[in-house]
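In what follows, a structure is listed as structure tokens, so that the remarks can point back to it.
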Amino acid sequence: MKQILVLGQTNAGKTLFTINFAIYLGASDISLTFQDSHRGSYTRTLELEAAKQLLVSDTPHYTRVVQSAVLELPWGKGIKKFEIVDTAGLMDGIHQDPQIRRAMSQTLAVVRQADIILHILDAAKIGKNNILKTIGEVDFQVAQFGQLKPGYVILANKIDLPEAMEGIEKIKAEFPGHQILEISALHTLGFKKVKEFVKRHL
Amino acid sequence: MNQERVFSLVENGDITVSEALSIIRKSASEGKISLEMSKENKIAEIQQELNRLIGLESVKQLIHEIYAFVEIQQKRVQMQLASEPVVLHMIFSGNPGVGKTTVARLIGKLFMEMGVLSKGHLVEVERADLVAEYIGQTAQKTREQLRKATGGILFIDEAYSLARGGEKDFGKEAIDTMVKTMEDQRNNLIIILAGYSEPMKEFLETNPGLSSRFPIQIEFPDYSSFELFKIAELMLQERDYQLNKGARRKLYRIIEELKAAETTNFGNARTVRNIIEKAIRRQAVRLVNMKNLSRTDLMEITEEDIQGEVGP
Ligand SMILES: Nc1nc2c(ncn2[C@@H]2O[C@H](COP(=O)(O)OP(=O)(O)OP(=O)(O)O)[C@@H](O)[C@H]2O)c(=O)[nH]1
Ligand SMILES: [Mg+2]
């Protein structure tokens with residue numbers, strides 16, 4: 001099964017995007033496979049709205065485990081299944097909490113095999129603040145890494161917020177030559193383009 | 001640098017995520033690792049891992065044959081041609097430390113990727129894990145292990161010890177339970193019986209029914225002195241150490257001596273590992289009170305670090 005990886009800094013909206021994208025593609029629930037280094041791998045099925053309540057938060061580094069869901073897309077006469085993987089947020093520097101470092105190392109462990117990378121940036125935050133503080137070295141590294149993959153795209157998120165306008169301009173300037181799609185994970189804006197991108201690159 | 005190593009550096013807080021990404025990207029663009037993990041790639045990677053094992057040429061050849069056979073049978077099924085039954089239970093014979101478990105683990109992964117096994121994990125057991133002390137409990141104990149191994153490989157070390165006590169021994173009950181499961185549950189479990197060559201041969205001769213149920217019989221030869229030396233070098237390399245000239249000569253001599261003296265019960269790769277680990281500790285003791293150590297100093301194992309007799 002092909003794998004789509006959702007990557008980005010903490011709070012970019014990875015988890016909300018993953019869940020709302022699942023809803024958008026017609027899934028009714030999401031089966032999350034947790035990769036926990038203490039308990040091994042275990043699965044929980046959550047109704048999508050409940051998942052949103054439980055897994056989305058503006059607390060930094062909220063997602064600590066690799067969470068994945070199997071989704072379907074119409075494909076010719078049939079359907080094609082693929083896996084979308086929500087990951088723990090990445091950051092510059094070294095976090096002092098070993099749990100967060102472990103979560104990031106787990107994210108890295110899945111980066112390699114991914115077929116498609118959706119790199120989420122918080123366009124509102126970038127619009128509001130200095131890019132030196134909002135676009136990290138880690139984002140540039142992810143973008144460079146993405147070039148080795150058949151499907152790499154930047155999703156400029158939170159375009160429902162007014163500051164995002166300026167953010168998108170900054171992102172375009174910082175990542176020339178990369179495809180950038182504008183989305184709102186919250187209001188499912190721009191999802192059609194993401195779906196088309198995924199379909200093209202699966 | 002190996003991938004797992006990169007992840008653990010991040011986990012330990014030794015390097016940043018950016019640094020890790022850049023390392024992975026570089027080794028990918030230099031072609032050292034592949035990024036697309038399609039089924040074919042995963043299989044190719046496992047085969048590479050197998051081929052990287054030192055020596056074991058006949059084993060590698062045989063596994064490639066099994067792989068090809070299974071792959072072609074699967075293709076024939078797809079084309080609705082008559083296909084041979086694929087029975088993948090195996091006998092691994094050879095001395096300890098010749099790579100039996102390593103190979104079993106790789107076979108598990110390989111069959112998982114090929115869709116023969118659902119999980120491909122390895123459950124290693126010996127007599128005590130299968131045989132109970134009281135009547136009637138052995139079947140249950142054995143079934144429990146079989147259940148754990150379902151989807152992967154049940155690797156029974158010194159399997160002939162199950163026949164040790166003769167007809168009345170509970171070991172027989174374990175064998176019967178195993179055989180029954182093999183028949184009921186044809187797919188999704190591979191059993192490997194492992195052990196020394198001679199007792200294994202006797203075991204199969206006295207249980208002719210088993211021989212046909214384990215059609216794949218692989219003999220693991222002992223490593224040659226040169227192969228063992230290569231293994232030692234590889235083990236050191238993985239740990240960022242290297243032997244200087246004197247140390248190379250001494251290590252090779254020790255390996256040859258151990259091999260020549262058959263009485264020493266030379267445990268192959270395991271003994272080599274012990275010598276290496278001892279050398280690393282001795283190097284540390286040699287260096288600990290020195291000042292201004294260079295990178296080379298920290299990496300270099302010298303003649304005096306290498307010691308033949310393997311103590312604690
Ligand atoms: N306005 C707005 N808020 C959003 C959008 N996407 C996400 N958010 C909010 O941003 C916060 C973080 O969202 P998450 O999806 O949990 O972020 P994450 O990237 O998974 O974060 P970590 O798990 O900590 O790495 C939440 O409060 C979301 O409600 C969006 O498109 N618009
Ligand atoms: Mg999250």
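Only lysine pairs 8 or more places apart, or on different chains, with alpha-carbon atoms under 22 angstrom apart are counted in the range B:225-305, and they number 9.
Report, ordered by chain and residue number, the aspartates and glutamates lying within cross-link reach of A:K199, taken as a straight Cα distance under 20 Å and ignoring same-chain residues fewer than 8 apart. Within the straight-line cut-off, A:K199 pairs with A:E72, A:E83, A:D86, A:D115, A:E182, B:E36. Farthest towards the positive end of the charge dipole of the protein assembly as shown, among the residues B:T150, A:A50, B:N188, is the Cα of A:A50, using unit charges on the Cβ of Lys, Arg, Asp and Glu. Taking amide H positions as modeled 1.01 Å from N, with prolines and chain starts lacking one, the residues under 5 Å from B:E300 and 5 or more places away or on another chain are B:Q242. The aspartates and glutamates within cross-link reach of A:K128, meaning a Cα-to-Cα straight distance under 16 Å and a gap of 8 or more places when in the same chain, are A:D160, A:E163, A:E166, A:E169, A:E174.
Converting the Cα gyration tensor eigenvalues of chain A into ellipsoid dimensions via √(5λ) gives semi-axes, longest first, of 24, 21, 16 Å. For the range B:158-210, the gyration tensor built on C-alpha atoms gives an oblate shape. Its axis ratio a/c (a ≥ b ≥ c) is at least 1.5, and a/b is not larger than b/c.
Prolate is the label for the range B:159-312. Its Cα gyration tensor axes, ordered a ≥ b ≥ c, give a/c of at least 1.5 and a/b above b/c. DSSP beta bridges fully contained in the protein assembly as shown are about 30 percent antiparallel.
Subtracting the Cα-Cα distance of B:K75 and B:I280 from their residue separation scaled by 0.36 nm leaves 68.8 nm.
Averaged over peptide B:67-75, the number of partner chain Cβ atoms lying within 10 Å of each residue's Cβ comes to 0.
Chymotrypsin sites (Phe, Trp or Tyr not before Pro), restricted to the range B:99-180: which are DSSP loop and have at most 13 other Cβ atoms within 10 Å? Provide the component values of the computation, followed by the final result.
Working: sites: B:F111, B:Y134, B:F155, B:Y160, B:F170; in loops: B:Y134, B:F170.
When the chymotrypsin sites (Phe, Trp or Tyr not before Pro) of the range B:99-180 are filtered for loop state and at most 13 Cβ neighbours within 10 Å, B:Y134 remain.
Identify the chymotrypsin sites (Phe, Trp or Tyr not before Pro) of the range B:174-228 meeting these criteria: DSSP loop state and at most 14 other C-beta atoms within 10 Å of the C-beta. For chymotrypsin sites (Phe, Trp or Tyr not before Pro) across the range B:174-228 that sit outside H, G, I, E and B with at most 14 neighbouring Cβ atoms in 10 Å, the list reads B:Y196. Summing Lys and Arg as +1 and Asp and Glu as -1 over all other residues whose Cβ lies under 11 Å from the Cβ of B:D157 gives a net charge of -2. For the cross-link pairs A:K80/B:K119; A:K81/B:K75; A:K81/B:K60, the ones whose C-alpha atoms lie over 25 Å apart are A:K81/B:K60. Of the residues B:G120, B:M235, B:H64, the one whose Cα sits farthest toward the positive end of the charge dipole of chain B, with +1 on the Cβ of Lys and Arg and -1 on the Cβ of Asp and Glu, is B:M235.
Placing +1 on each Lys and Arg Cβ and -1 on each Asp and Glu Cβ, with no other charges, gives the range A:64-202 a dipole about its Cα centre of roughly 500 debye. Remark: mean inter-chain Cβ contacts per residue of B:225-237 equal 0, using a 10 Å Cβ-Cβ cutoff to other protein chain atoms. Selection among B:L110, B:S224, A:L7 by position relative to the dipole of the protein assembly as shown gives A:L7 as farthest towards the positive end (Cβ unit charges, Cα centre). When the accessible areas of B alone and A alone are added and the area of the pair subtracted, with a 1.4 Å probe, the result is around 2100 Å², both sides summed.
When ligands, DNA and RNA are left out and all protein chains stay put, how many square angstrom of accessible area per residue does the protein assembly as shown have with a 1.4 Å probe?
Details: 26210 Å² over 514 residues.
About 51 Å² of surface per residue is accessible.
With a ≥ b ≥ c the root eigenvalues of the C-alpha gyration tensor of the protein assembly as shown, is it rounded (a/c under 1.5), prolate (a/b larger than b/c) or oblate? Oblate, because a/c is 1.5 or more while a/b does not exceed b/c.
The values are calculated or read from the model by the stated rules, or taken from the named source; none is laboratory data. Remember, predicted model here, so these are calculated numbers, not experimental data. Because the Cβ atoms are built from the backbone with ideal geometry, glycine has one as well, and the counts that use them run over all protein chains shown. SASA here: full protein model, heavy atoms, side chains in, ligands and nucleic acids out. Shrake-Rupley method; radii C 1.70, N 1.55, O 1.52, S 1.80 Å.
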